[in-house]
Each structure stands twice: as C-alpha cells, then as structure tokens.
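Note sheet for the following structure.
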Ligand code: EPU
C-alpha cells in the first residue's frame, strides 16, 4: 500500500487550485480500495474520492485520505443483434473511451465527446451535452457500498438519472464507483436536435463526423483547462415553473428556454450571466469566460475564496436582475474532505 503525505493536488483539479492534502493514495484495483479504506478507518481520516477533478472546488488544505481513482480496463459483458454491453474501469479517461466506442462502431456517446473527467464520474452528475445524457446508456454501475461494506451492482434504472443528478449525489458518502457498464448501439441513431449540430453534420451524417463536430463546437466555445483552468459550466441551467418563465419572458422575450416535463422550463444560465454584464468580466483573478459566460476561469493562482467571491457576485447580480437563483454545478469540499452545500441566494439581500 502506497500512502503518500502532504501531496499537492493542483495538477489533479482542472480549476488548478493550490490544495495540499494530508494523505493521498492512487487506487488501481478493488483490493487497493479496501486497503485504502482500512487505512483511513484505522487513522480516523475521512475519505475523499478524487476522479478527474473536473467538477470540484477544494480548500487550500485538506486533512483526509484522498483516494485517487485509477482503476483501468475494458470488459465485454454481453452482446445481441442491436447492442453490446461493455464494463469500463472508473479510472479510464472519458473522452478516450468515447473515441474508442466510435472506433469500435458502437454508438450513443458521440455527443458527449471531449467532456473532461473520468468514466467513474459520469454517472454521478449524469454528464450531458448536445441532447444526450450518459445515463441513457448506463446499464449498471459497480460500486463499493461503504455502509454495508460490500461490492455490488446498481442497475441504471435504479440510479434515478435526471438533469445533472443521480442517487450518487443524494448521499455522496455511500458509494465509491469502481466501474460502469454501458449498453451501446450497433447501428447509429444520431441525435441532432441540439441547435448547431443539425447543420454541422448535414453533409456527412456519420457517427464519426457527429463526434468531430461536437469536438469542434466545444473547442470553439469552451476553454481548455490547461490554458484557462475551469470546471466546464459553473452553474446549472435553472429549471423553473412555467408561470415563472412566463413572467420572465414578458420582460425578457429573448430568454433562451427549453420546455421540461411537469410544466417546468429550463432557462439558459449563460444568457442570464451574459445579460448581467459578466461575460468576460473578472473580479480579482477569477472571472467568467469571454466566449461563454457560463464558464468560470481561474486566471492566476486563485484560491477557493477568490472563486467564491466571484461566483457569489455573479449569483447576486443575476438575482438582482432576474430574481433567479443560480446553483453552482461543481461539488464544494471542506477542510475535512467532506461535501458542503453551496451558497444559493433565495431572497434579495440588499
Ligand atoms: N448564451 C449567451 N451567452 C453566453 C453563453 C450562452 O447568450 O455567454 C446563450 C446561448 O446563445 C444559448 C444559451 O445561452 O442560447 C445556451 O448556451 P449553450 O448552448 O452554449 O449551452 P449551455 O446551456 O450554456 C449546456 C450545458 C453544457 C453543454 C451544453 C451543450 C449545463 C449547465 N451546461 O450549456 O455542459 O455542453 O449545454 O449541450 O447544462 C458542463 O456541464 O460542464 C457543460 C459544458
């Protein structure tokens, strides 16, 4: 067992925050996971699971055992005329996995190309882009249940996938994901409903071209974390009741919106932030990206406090103008490696 102490997590979180953890272990198998958990228990340390670090907000110092998930591997599970089910290690890089599925003529995930992070994180917030969510193709998730202390498999249908949500978010301490099974299609059924995509693939309607177009669109809009450290969309798109949407639309007829089930409407956080004057605006070393106002960028050695100052100011201004609360998408941790709830504005504070 290789437990390291006083490790810098800056290279392992895409917002590039300076973070020192008291204990750290890279875990490459289920056995190593058990060893790591036993070490944490003996030493009375909390456990914080680190995946691709592309959806995390971390404090300067963490006193916990950071388990860096690095379980690799692909395994064929079943196959029929229409589909093939593959089990993928939680530590595989998501984008590489998507490229691999396309090269194997397996379809479904092409719209999700270039999303940063690892396969093990994909079910947690049910990653989604360009009209597809990972949950649509997840057959099951293999987990270690920290309460019953056993490995087990949870069917996709029991993960309760919804917009950027699943059971893994309801109780983040219960499960550690070790692999994910995807049921992928053998015949392409391209999903082209999202705005720019239909035109982009008009000439060449293959899955490979769809994947390439998604990569191009993302590259044009979203900053590369290596150049501009970020966590993708910083806020969720708010989902509001239809009546609230109608009130907003009366004042702001151009508000981009997407009807949802149950008489609800999803509205574009990027537009709200843009219209509040935050596109390309900075507060200190943290700001909202010039080409996509929904992406918060660490421009120079920011710490968590700098990030919080900026995002709270954005929340404040959007609330003041539209009366809409923005909820951050990345997960916020405290000094003990535990998940904290985000600050959300629910009434005018002055
Ligand atoms: N908009 C603006 N100004 C901006 C940004 C956006 O006016 O600065 C407008 C756009 O013109 C558009 C609308 O807002 O009318 C929506 O913008 P966009 O199509 O760029 O998508 P998004 O709602 O900003 C969501 C996901 C992305 C995903 C894209 C494509 C969330 C929180 N974000 O972004 O996911 O890639 O749709 O499906 O749901 C992520 O979660 O990290 C992420 C990148």
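Matching residues to (1) within 12 Å of the ligand (Cβ to nearest atom); (2) closer than 17 Å to residue 321 by Cα; (3) crowded, with 22+ Cβ neighbours inside 10 Å:
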site	(1), (2), (3)
264	no, no, no
269	yes, yes, yes
274	yes, yes, no
279	yes, yes, no
288	yes, no, yes
305	no, no, no
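When the residues of region 1-31 are narrowed to those that are under 25 Å from the mean Cα position of the chain (by Cα) and in a helix (DSSP H, G or I), which ends up surrounded by the most Cβ atoms within 10 Å (Cβ to Cβ)? Filtering first and then ranking leaves 12.
Among the residues of region 227-276, those identified as modelled with pLDDT under 95 and out of contact with any strand residue (DSSP E or B) (no Cβ under 7 Å at 6 or more places or on another chain) are 261, 262. Criterion applied to 151, 74, 168, 97 was being in contact (Cβ under 8 Å) with a residue 60 or more places away in the chain and under 27 Å from residue 36 (Cα atoms), and the one residue passing it is 151. Exactly one residue among 120, 91, 131 is within 15 Å of the ligand (Cβ to nearest atom), assigned by TED's automatic domain parsing to the domain that holds residue 158 and more than 16 Å from residue 184 (Cα to Cα), and that residue is 131.
Return yes when residue 314 is away from the ligand (no atom under 11 Å from the Cβ), out of contact with any helix residue (DSSP H, G or I) (no Cβ under 8 Å at 6 or more places or on another chain) and closer than 30 Å to residue 8 by Cα and no when it is not.
Values: away from the ligand (no atom under 11 Å from the Cβ): yes; out of contact with any helix residue (DSSP H, G or I) (no Cβ under 8 Å at 6 or more places or on another chain): no; closer than 30 Å to residue 8 by Cα: yes.
It is false that residue 314 is away from the ligand (no atom under 11 Å from the Cβ), out of contact with any helix residue (DSSP H, G or I) (no Cβ under 8 Å at 6 or more places or on another chain) and closer than 30 Å to residue 8 by Cα.
Note on region 190-211: among residues that are in a helix (DSSP H, G or I) and in contact (Cβ under 8 Å) with a residue 40 or more places away in the chain, the one that is nearest to the chain's Cα centre (by Cα) is 211.
If you check 86, 177 for being buried (at least 21 other Cβ atoms within 10 Å of the Cβ), more than 21 Å from residue 233 (Cα to Cα) and in contact with a helix residue (DSSP H, G or I) (Cβ under 6 Å, 6 or more places away or on another chain), only one passes: 177. Among the criteria (1) within 9 Å of the ligand (Cβ to nearest atom); (2) assigned to a loop (DSSP other than H, G, I, E, B), the one residue 224 does not fulfil is (1).
The values are calculated or read from the model by the stated rules, or taken from the named source; none is laboratory data. These numbers were taken from a predicted model, which means no experiment stands behind them. We place every Cβ from the backbone using ideal geometry, glycine too, and count neighbours over all the protein chains shown.
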